[in-house]
1. Go through segment 33-63 and name the trypsin sites (Lys or Arg not before Pro) that are in a DSSP coil and have 13 or fewer other Cβ atoms within 10 Å of their Cβ.
2. In the structure shown, do any of K16/K51; K39/K90; K39/K102; K16/K90; K23/K72; K39/K72 have a Cα-Cα gap over 27 Å, and if so which?
3. Residues of segment 66-145: accessible area per residue at 1.4 Å, in Å²?
4. For segment 1-129, taking Cα atoms only, what is the radius of gyration to one decimal and the Dmax to the nearest whole Å?
5. By per-residue mean of other Cβ atoms within 10 Å, what is the highest-first order of 145-158, 14-27?
6. When the accessible area of segment 112-151 is split by element with a 1.4 Å probe, what percent falls to carbon and sulfur?
7. Could you order the peptides 109-120, 67-78 from most to least packed, using the average number of other C-beta atoms within 10 Å per residue?
8. Any chance you could check the Cα centroid distance between segment 70-95 and segment 23-46 for me, in angstrom?
Amino acid sequence: QYSEQGAPQKARYVGKRVNFEFKDIDIHNLLRIIAEISKKNIVVADDVIGKVTIRLRNVPWDQALELILRSKSLGMEDLGNIIRVAPLQKLEDEARSRAERKKAERTQRELSVQLVPVNYATADEMSQRVKEILSERGNVTVDTRTNTLIVRDLPENMQRVRSLVASLDLQTPQVLIEARIVEANIRQQREIGIQW
């Protein structure tokens, strides 16, 4: 496949092509057939039930699986060579629960404090840039006397803060203006033809 710009795109479905023609087949049996064709392990949740009538010709098995699951409001979780099939609502609830647990872990973790010296820029200007990459619990204060940032955030963010400050805190290129003073005494001025 090619996009409008002409760059090659990875095909969405890459499975072996299959032909299915079943009337009122139990979904567990159909998933077993797909497991045989795909050479993948399929784990099906207990609350996956129902029958399917299907007629597909020359369709990749992964596309057929997606269509079958969608028709029954089911979803899948691809875990390497294992595919887990469960009701879509259950998978969404689990994903939401994982995200909430991760967020809770972040809020319970202890924050670290580091002093980040600013050499060429002003710490006030730099603090505005640093605030953009801090986590929701992070904060930055400025010690104007020493031109230093006091950063309080999760330990994994500290390296990002230091990298940002190092890349932005650069010396401004200086322009060298050179002046030459030429002294001439009165005798030299008369030789040139100047008389004061």
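1. Passing both the DSSP loop test and the Cβ count: K39.
2. From K16/K51; K39/K90; K39/K102; K16/K90; K23/K72; K39/K72, over 27 Å: K39/K102; K16/K90.
3. On the way: 5530 Å² over 80 residues.
Accessible surface, normalised per residue, equals 69 Å².
4. 23.6, 75
5. 145-158, 14-27
6. On segment 112-151, the fraction of accessible area on carbon and sulfur atoms equals 46 percent.
7. Working: 109-120: 12.7, 67-78: 15.7.
So the peptides 109-120, 67-78, ranked by packing, come out 67-78, 109-120.
8. 13
The values are calculated or read from the model by the stated rules, or taken from the named source; none is laboratory data. A quick note: this is a predicted structure, and the numbers were derived from the prediction, not measured. Every residue, glycine among them, receives a Cβ derived from its backbone with ideal geometry; neighbour counts consider all protein chains shown. Surface accessibility is based on the protein's heavy atoms, side chains included, excluding ligands, DNA and RNA. Shrake-Rupley method; radii C 1.70, N 1.55, O 1.52, S 1.80 Å.
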